[in-house]
Amino acid sequence: MIAAVRGTHDILPGQVERWQYVERIARSLCDRYGYVEVRTPVIEREELFSKGTGETTDIVQKEMYSFTDKGGERITLRPEATPSMVRAFVEHSLEHALPAAKLYSMGPMFRYERPQKGRYRQFHQLDVEVFGLQDPAVDAEVIDLAWSLIESLGIPQAELVINSVGCANCRPQFQEALLKALGDDLPKLCADCQRRAQTNPLRIYDCKVPADQPIIDRLPHSVDYLCESCATHFAGVKAHLDTWEIPWKVSHRLVRGLDYYTRTTFEVLGQTLGAQNALLGGGRYDGLVKSLGGPDRTGIGFAAGMERLVLALPEGRGEESAPKVFVVAVGDDGRQEALKILRELRRAGLSAHMELEARSMKSQMKRADRVSARAAVIVGGDELSRGELTLRDMRAGEQTAIPRANVVHAVSAVLK
Ligand code: HAM
């Protein structure tokens, strides 16, 4: 037997219903908030991510599935959706083509990470992006959509954390203050942090090494170094969240592991997921569209990990399926008529099932039980010659004779 690749999973019946439920709720919310769906390819040119996600990120340095294709081109299986969405926005001039550049996408992403609960090598994201809008109300609306998703799914005890990492104007002062505060402690930090100090000092806040934590806890906070317009923007975001009564908390360590963020960053954390507790994360990226060769347009968005949403979903959610009717055939004449009725019921929009291999009535009734049919229609014998069928309500255990012509109507009434 050839097993699935490490860190990848089949989504089987029993689980897939929970996925479909999450997807349904996500689509319906995006639609209500005015987002339209975009589907981008799973493969992209490698440079889209080295430039977009950023050379100093763990994703680009360690985690990408990249290869040279037969034409000699460097190709990457997308590790995240944001650079692809920016590419599509620019390549198709979507700001002119659409009434509002509010986009969403759903699909698989690939990162060569160490698999554990909630962390996989192929995983799925719901990705949401807005281009060209700067008002803090936009940040708050994106966060509201993220929060509403968690609420609509009934995920308990989730926590929203926000931060502002400033912009190209104020970030250098903050980085300088950070390095100054580190001072003589820098050599005591882990090797990753030493590297981060050189390439992207903000990412020191992402460090999980226990020995580094007391030093990191003493470092300055980005919100204390914001320029006036970043500070006003952040105050605006918080005020809008308060207006909508969305509970937030500032986390000074929320710098996020991707290079493109400016100003607002946020995550929603779940309580039941263990170490991989971020249900979703995102933020503003006002320089990314331009740096990828597009017009100077702002951007903000988030991505939710679908596996994590499905894991955090309360028991029983999304598991209800449409009630079923089972068609039972008695004898050859019955079988012919039963096949016709099966199709009639399906065409009327009902979930209708039948044993297509000829079996005894007893074994057909057993099968009806096995699929948890709400009703059975028994077709054949003298009844059929009188133009009648038997309709059995499987829950009440009651049987009635019904006219053949009335079958759709009578079955619908039982399935209701
Ligand atoms: P990210 O924080 O790298 O951000 O990923 C977003 C979410 O994807 C995470 O919060 C987590 O739920 C899920 N996720 C990430 N890696 C894995 C994994 N290996 N296994 C399972 N789930 C995972 C981004 O990807 C940004 N593109 C978000 C964004 C959109 N920012 C602005 N717009």
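The values are calculated or read from the model by the stated rules, or taken from the named source; none is laboratory data. These numbers come from a predicted model, not from an experiment. Note that we place each Cβ from the backbone using ideal geometry, even for glycine, and neighbour counts take in every protein chain shown.
Among residues of the stretch 276-295 that are over 25 Å from LEU160 (Cα atoms) and surrounded by fewer than 21 Cβ atoms within 10 Å (Cβ to Cβ), those with a beta-carbon under 7 Å from a residue that is at pLDDT 95 or above and of a type in the set (Gly, Ala, Ser) at least six positions away or on a different chain give the pairs LEU292/GLY52.
Is there a residue being of a type in the set (A, V, I, L, M, F, W, C) and within 30 Å of ASP135 (Cα to Cα) anywhere in the stretch 180-201? No; the residues of the stretch 180-201 include none that is of a type in the set (A, V, I, L, M, F, W, C) and within 30 Å of ASP135 (Cα to Cα).
Residues are listed down the side, and each one gets a yes or a no for (1) free of Cβ contacts under 8 Å to residues at least 24 places away in the same chain; (2) touching a Gly at 6+ places or on another chain (Cβ under 7 Å); (3) over 30 Å from GLU17 (Cα atoms):
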| position | (1), (2), (3) |
| --- | --- |
| VAL325 | no, no, no |
| GLU344 | no, no, no |
| ALA348 | no, no, no |
| GLU357 | yes, no, no |
| ALA376 | no, no, no |
| VAL379 | no, yes, yes |
| LEU389 | no, no, yes |
| ARG395 | yes, no, no |
| VAL408 | no, no, no |
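Only residues that are part of a loop (DSSP other than H, G, I, E, B) and surrounded by 11 or more Cβ atoms within 10 Å (Cβ to Cβ): list them for the stretch 359-370, please. The answer is ARG359, and nothing else.
Residues checked against (1) touching a Lys or Arg at 6+ places or on another chain (Cβ under 7 Å); (2) part of a helix (DSSP H, G or I):
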{"residue": "LEU202", "(1), (2)": "no, yes"}
{"residue": "PRO220", "(1), (2)": "no, no"}
{"residue": "HIS233", "(1), (2)": "yes, yes"}
{"residue": "VAL237", "(1), (2)": "no, yes"}
{"residue": "LEU254", "(1), (2)": "no, no"}
{"residue": "TYR260", "(1), (2)": "no, no"}
{"residue": "GLN271", "(1), (2)": "no, no"}
{"residue": "GLY293", "(1), (2)": "no, no"}
{"residue": "ILE300", "(1), (2)": "yes, no"}
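Counting only helices (runs of 4 or more DSSP H) that sit completely within the stretch 1-104, those holding 1 or more residues that are within 21 Å of LEU292 (Cβ to Cβ), of a type in the set (Phe, Trp, Tyr) and in contact with a strand residue (DSSP E or B) (Cβ under 7 Å, 6 or more places away or on another chain) correspond to 46-52, 82-91.
Kindly check whether there is at least one residue in the stretch 268-281 that is at pLDDT 95 or above and under 19 Å from PRO83 (Cβ atoms). Yes, the stretch 268-281 has at least one match. Taking the criterion of being small (Gly, Ala, Ser), more than 9 Å from the ligand (Cβ to nearest atom) and under 11 Å from ARG308 (Cα atoms), the only residue of the stretch 271-288 that qualifies is GLY274.
Does the stretch 248-268 include one or more residues that are near the ligand (Cβ under 9 Å from one of its atoms), within 19 Å of the chain's Cα centre (by Cα), aliphatic (A, V, I, L, M) and closer than 27 Å to PRO314 by Cα?
Scanning the stretch 248-268, I find at least one residue that is near the ligand (Cβ under 9 Å from one of its atoms), within 19 Å of the chain's Cα centre (by Cα), aliphatic (A, V, I, L, M) and closer than 27 Å to PRO314 by Cα, so the answer is yes.
Only residues that are surrounded by 24 or more Cβ atoms within 10 Å (Cβ to Cβ) and modelled with pLDDT under 95 were counted across the stretch 258-267, and they come to 1.
Note on the stretch 107-141: residues that are surrounded by 19 or more Cβ atoms within 10 Å (Cβ to Cβ) and either within 9 Å of the ligand (Cβ to nearest atom) or part of a strand (DSSP E or B) (or both) amount to 15. From the set of residues in the stretch 302-317 that are of a type outside the set (Lys, Arg) and not in a helix (DSSP H, G or I), which is surrounded by the fewest Cβ atoms within 10 Å (Cβ to Cβ)? If we take residues in the stretch 302-317 being of a type outside the set (Lys, Arg) and not in a helix (DSSP H, G or I), then GLU315 is surrounded by the fewest Cβ atoms within 10 Å (Cβ to Cβ). In the set PRO83, PRO41, PRO79, only one residue is touching a helix residue (DSSP H, G or I) at 6+ places or on another chain (Cβ under 8 Å) and without any contact (Cβ under 8 Å) to a residue 40 or more places away in the chain; that residue is PRO79.
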